[in-house]
Amino acid sequence: MFNLVQMGSNKIQEDASYFGTLKLEPDDVNEVEQEETDAVKYTKPSPRSHEKEKNAEPEEQLEENGVLFWVNRSGFPINDKTWDRMYDHASKIHPDGYDIVKKIKYVKDLPEISVPQAPVWFPTNTPIFEKLEIVQKYMQELQYNHTGTQFFEIRKNRPLTGLMDCAKEMIRESLPIKCLEAIILGIFLTNGMAGLERFTISFKTMFNGNYHRHVVLGVLHGGKYGAIGMSRRNDLMYKPLEFSNLSSVVVDFVESYNHYWHEVKKS
């Protein structure tokens, strides 16, 4: 049902003493473009918008379960082109259409948004299960990304140290994330937790004739298993560190998927 393997990169092996025990499935790394969609149905693009997408620069678009989405490759601050794409996406999926864009885009005195504090330090006596709860709470405070644009580019061939730089950028910018970005952020925030093993757990499901992929960061400590991550659904991201074996964690996820009429094809 699941396959845990040690990553083969020499660079990662060299960094193991700093990053702790980390196991990733190669399929999860190779499918970085395949973000989760859970049970949320996308609005079908109009012929005009589809034509615009076909003429877009291919290196800036990725495909998610047959639906194109944008990746912010211009870095920060976000450029006008990327902003326009997000506004265009919002006008298509929001019930108020472009009116909602006008309420935001042309207003000068928008309310200040609070920035969650990243848990980069814990008191020495904090138990591991409590640290994981705090990390999960922080990621949920960042919120799930519904903008149609992935803010942080996750490169498949980037070394682990480079991915940790990406995690620092996520903390600095404090923007919504999706499941794969949560994996990178979760690895960074759990570095240094003594005795904690980390590995990916990936799912491939079918809903309404479409395949969907999702990934969370599995954790093992003191003989107990759990998971942290990001999803639109609360029961498809966090599992407390209380399961006696990994199979029980996977079964719990499968049962959660059943609530949303998803048939799990692979885990």
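With respect to the stated conditions, residue 185 fails to be closer than 16 Å to residue 130 by Cα, modelled with pLDDT of 95 or more, part of a helix (DSSP H, G or I) and aliphatic (A, V, I, L, M).
For residue 153, the test of being in contact (Cβ under 8 Å) with a residue 24 or more places away in the chain, of a type in the set (D, E, K, R) and under 21 Å from residue 219 (Cα atoms) is failed. Taken over segment 132-188, the criterion of being among the hydroxyl-bearing types (Ser, Thr, Tyr) and closer than 21 Å to residue 78 by Cβ is satisfied by 144, 147, 149, 174.
Filtering segment 77-98 to residues that are more than 23 Å from the chain's Cα centre (by Cα) and open to solvent by less than 40 Å² (accessible area, probe 1.4 Å) leaves 91, 97.
Regarding segment 163-177, can at least one residue be identified that is open to solvent by 50 Å² or more (accessible area, probe 1.4 Å) and free of Cβ contacts under 8 Å to residues at least 12 places away in the same chain? Scanning segment 163-177, I find at least one residue that is open to solvent by 50 Å² or more (accessible area, probe 1.4 Å) and free of Cβ contacts under 8 Å to residues at least 12 places away in the same chain, so the answer is yes. Evaluation of residue 143 against the conditions (1) within 14 Å of the chain's Cα centre (by Cα); (2) polar (S, T, N, Q); (3) on the phi < 0 side of the Ramachandran plot shows that the sole unmet condition is (3). Between a residue in segment 107-132 that is assigned to a helix (DSSP H, G or I) and any residue that is surrounded by fewer than 14 Cβ atoms within 10 Å (Cβ to Cβ) and not aliphatic (A, V, I, L, M), which pairs come within a Cβ distance under 9 Å, given they are 6 or more apart or on different chains? Correct list of pairs: 128/195; 128/222; 129/222; 129/242.
The values are calculated or read from the model by the stated rules, or taken from the named source; none is laboratory data. Everything quoted here is computed from the prediction, not taken from an experiment. Note that we place each Cβ from the backbone using ideal geometry, even for glycine, and neighbour counts take in every protein chain shown. Protein only, heavy atoms only, side chains kept; ligands, DNA and RNA dropped before computing areas. Shrake-Rupley method; radii C 1.70, N 1.55, O 1.52, S 1.80 Å.
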